[in-house]
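Engineer: Can you keep this structure in mind? I'll have questions shortly.
Read the figures in this text as sums done on the coordinates, not as results from a lab. Predicted, not measured: the structure shown is a model, and the values here were computed from it. Glycine also receives a Cβ, built like all others from the backbone with ideal geometry; neighbour counts cover every protein chain displayed.
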C-alpha cells in the first residue's frame, strides 16, 4: 500500500499484544494517517475490528492469507 503511513508488524505476538500495540500506535498518530497492521494471531481477526467499531478510527480493509492477517486502519479524530 503506497499511501500507508506506518506499518506495525505484530507477527508472532499472541493475544492481546497485537491489539495493545495497535492501540498504542494509533494513539501516537495524527488523524487521517493510515496504519497497516500485520498479525499472525487468529484472535486479531476478531479483536482488532471489534476495537475499531468502538473507537473513532476507521477499518479501511481487513484481509487474511495463509494465517497472516492484515488490517489497514485510518486514524480518527479523538
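Engineer: Using only Cα atoms, find the angle between the long axis of helix 17-27 and the longest principal axis of the chain, and express it within 0 to 90 degrees, rounded to the nearest 10.
Structural biologist: With both axes taken from Cα atoms, the answer is about 10 degrees.
Engineer: Between helix 44-53 and the chain, what is the angle of the helix's C-alpha long axis to the longest principal axis, kept within 0 to 90° and rounded to the nearest 10?
Structural biologist: 20 degrees
Engineer: Right, here's the next one. Among bridges DSSP assigns within the chain, what percent are antiparallel (round to 5)?
Structural biologist: 70 percent
Engineer: While we're on this one: Please order 52, 7 by the number of other Cβ within 10 Å, starting at the fewest.
Structural biologist: Ranking 52, 7 by Cβ neighbours within 10 Å, fewest first, gives 7, 52.
Engineer: Averaged across orientations, what area in nm² does the convex hull of the alpha carbons in the chain project?
Structural biologist: Mean projected area of the Cα convex hull: 4.5 nm².
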